[in-house]
Amino acid sequence: MESAEKGKAELISGIESDARIEEEEIIKEAEKQAAEKRKYSEKKIEALLNDARSEAQKQTEVVMRKMLSAVDLELKRHSMSVRSALMLDIMNRVENKLASMTGEEKYRSVLINWIAEAFIGLGAEAAQINASEKERALINDPLLSEVKEKIHKQTNKQAQLKLSDAEPLKSQGVVLTAADGRTAFNNQVKTRMLRNQSEIRKLIYNAVLADNRKE
């Protein structure tokens, strides 16, 4: 009887021992899994943070590029605006200067050049000249003789020129109309400025660049 009780106690003790060992193993395995999960979570969190940092950097770069592009565009617009204003100012100054010259003796040579240029551009054998009232007063036989001489030197043509019977032009410069009335060459100040606009722009652009280099 005593032996049976002893065997029963040993069996219970063995079961308890095995249970404790199993419990410890389960706990260890659980702790191991928990540690692995924590490590995975930390890596996952770090990966998510890295992705977030990378995305934030990309977004920052995009925003910066947009801002720089906007600034560059604004600077170009400002530069174009300055050049346009500068060109308008120069053209107005030139027109005012030419207008103030009509009463001067040296303006006679300006008229000679404009009439000769218009006649050559017209490509006719004979033409009528019209101009503003002040300029028409300067166009006489001696002036026309000088114009014809200039044309002959440049083209070897014998030009036929006379003052038009039409009403004087309202703006400064000359207009030559072929004798048949079919074609005309406008050499008024505003038209001349428009024809030379491209060259004026280049001069202004080069002047602006030169100033920028000095700065």
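Each reported figure results from applying straightforward, stated rules to the coordinates on display, with no laboratory input. Everything numeric in this text was worked out from a predicted model, so none of it was measured. Methodologically, a virtual Cβ is constructed for each residue, glycine included, from the backbone with ideal geometry; neighbour enumeration extends over all protein chains shown.
Distance between the modelled labels on Leu203 and Ala70, one decimal in nanometres: 3.9 nm (7 Å Cα→Cβ projection). Were the residues from Val82 through Glu55 laid out at 0.36 nm apart, the gain over their Cα-Cα distance would be 5.7 nm. Per-residue packing, averaged as other Cβ atoms within 10 Å, sorts the ranges 101-111, 171-181, 122-132 into the order 122-132, 171-181, 101-111, beginning with the highest. At full extension, Ile45 and Glu25 could sit 4.3 nm farther apart than now, given 0.36 nm per residue minus the alpha carbon distance.
Straight-line reach from Lys37: taking Cα to Cα under 16 Å and skipping same-chain neighbours fewer than 8 places apart, the lysines in range are Lys28. Listed by chain and number, the lysines whose C-alpha is less than 17 Å from the C-alpha of Lys32, apart from same-chain residues fewer than 8 away, are Lys43.
Distance cut-off 20 Å, Cα to Cα: go down the list Lys76/Lys202; Lys106/Lys162; Lys106/Lys148; Lys97/Lys190; Lys134/Lys170; Lys170/Lys190 and report the pairs above it. Cα-Cα > 20 Å for Lys106/Lys162; rest within.
Stretched out straight at 0.36 nm per residue, the stretch from Glu125 to Ser17 would grow longer than its current Cα-Cα span by 25.7 nm. Scoring 159-166, 93-100, 184-191 by mean Cβ neighbours within 10 Å over their residues and listing the highest first yields 184-191, 159-166, 93-100.
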